[in-house]
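Participant: Next up is a structure, given as structure tokens.
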Amino acid sequence: MTEREERRKQHRLTRENAALFRELGLPEDATYEDVAAKTKRLIALTEELPKNEGIKKKIKIEIARDKIYQIRLNERIAGVRTEQEDAARVQAWEEEGVDGV
């Protein structure tokens, strides 16, 4: 019974995490920089909205961003995130032409 509950919990968390990324319009493997840039762009777009609506949307965006950052931190602590982020960092270095990686 415990294993079944754990699978349910993991499945629920996976769905919730995917919803956060969709809310910001990002893929689930987006880097920290991608999340920060997209959040900044979305917040800038809220400036054009009426005051109350803009504030609500801005808060919603910031909450989604903070939850994503918390998920990434938890993954890093658990050791899940290290390999993926290292690979992304190396790829970025290669694309920018940094030698010696």
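The values are calculated or read from the model by the stated rules, or taken from the named source; none is laboratory data. All values derive from a computational prediction rather than experimental measurement. Using ideal geometry, Cβ is built from the backbone for each residue, glycine included, and neighbour counts are taken over all protein chains shown. Just so you know, the surface numbers come from the protein's heavy atoms only, side chains and all, with ligands and any DNA or RNA stripped out. Shrake-Rupley method; radii C 1.70, N 1.55, O 1.52, S 1.80 Å.
Participant: Could you check segment 40-69 and list, in sequence order, the residues that are open to solvent by 90 Å² or more (accessible area, probe 1.4 Å), part of a helix (DSSP H, G or I) and without any contact (Cβ under 8 Å) to a residue 40 or more places away in the chain?
Facilitator: Here is the first cut: in segment 40-69, the ones open to solvent by 90 Å² or more (accessible area, probe 1.4 Å) are 40-41, 45, 47-48, 51-52, 56-57, 60, 67.
Among the residues that remain, those that are also part of a helix (DSSP H, G or I) are: 40-41, 45, 51-52, 56-57, 60, 67.
Result: LYS40, ARG41, LEU45, LYS51, ASN52, LYS56, LYS57, LYS60.
Participant: Give segment 1-39 a look and list any residue that's basic (Lys, Arg), within 13 Å of the chain's Cα centre (by Cα) and open to solvent by 60 Å² or more (accessible area, probe 1.4 Å), or say none.
Facilitator: Once the filter is applied, which keeps residues that are basic (Lys, Arg), within 13 Å of the chain's Cα centre (by Cα) and open to solvent by 60 Å² or more (accessible area, probe 1.4 Å), segment 1-39 yields only ARG22.
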